[in-house]
């Protein structure tokens, strides 16, 4: 068992099964698992794959019982996701990908915080202002590939669909802090058989393969991340602890309008 120290919580991961073990001091609301069969229609090449192979696990609603009131007060939830190591016909394992719904004024979609606890993540961010229209009419206005290392966090910007990809050698473990009332839209990704690019690995190198079901895709930008203590993101300080210390710093999750520029500035585009 390995302690997941970057989470700041009493949790471990089994080095053989990559299953998370939570301390009895913590509560959680549920567990779900995505296999290759459940990812059909989202992978670059599904031929010959084992339908029962695990792609990723999700542990929802993790908290100390004494912190539940603070999380519920703001309608926030804290989760873990584990994307398994290995490739699927050369493609890096990933989550299914989705868009977040609009806020009440339809001015921006809701953001989300992702914190890499173990491994290396690549987040595909693709911006669309009409993702909730007919899928065939969807236009991608911007495309960013963001690499996030262990101990770092990224805020998924308003108006960007996203997918998490494990580009490391072992499992990828990341947490998310999210606004519970936020609607989740999977269909705009499913319609196109995945995001605009597939992320593959060969000879130790990361490769990007265009998803040809997308008719028009902007040139991707590559980015790393910087911290923003005013928004509660300070590398080395676990997000769970940061939220407990200063819940007001995370107001952007439910009220994104005043924070779009600050969130975008956290991405260091090359």
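Tabulated values for the structure
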| read-out | value |
| --- | --- |
| Relative contact order, percent, the range 152-270 [alpha-carbon distance under 8 Å, six or more residues apart] | 30 percent |
| Ratio of the Cα radius of gyration of the chain to 2.2 N^0.38 Å, where N counts its residues | 0.96 |
| Gaussian network model of the chain, Cα within-10 Å springs - most flexible of 153, 242, 32 | 32 |
| Relative contact order of the range 1-117, pairs being alpha-carbon contacts under 8 Å that are 6 or more residues apart, as % | 21 percent |
| Mean Cα-pair separation over length for the chain, i.e. relative contact order, pairs under 8 Å, 6 or more apart, % | 21 percent |
| Estimated [θ] at 222 nm from DSSP helical runs (n ≥ 4, -39500 (n - 2.57)) normalised by residues in the chain, nearest 500 | -2000 deg cm²/dmol |
| Max mean-square fluctuation residue, GNM over the chain, Cα-Cα springs under 10 Å, options 65, 256, 158 | 65 |
| Cα centroid of the range 1-15 to Cα centroid of the range 192-270, whole Å | 23 Å |
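No value in this document is a laboratory result; all are computed from the given coordinates. Just so we're clear, the structure is a prediction, and the values are computed from it rather than from any experiment.
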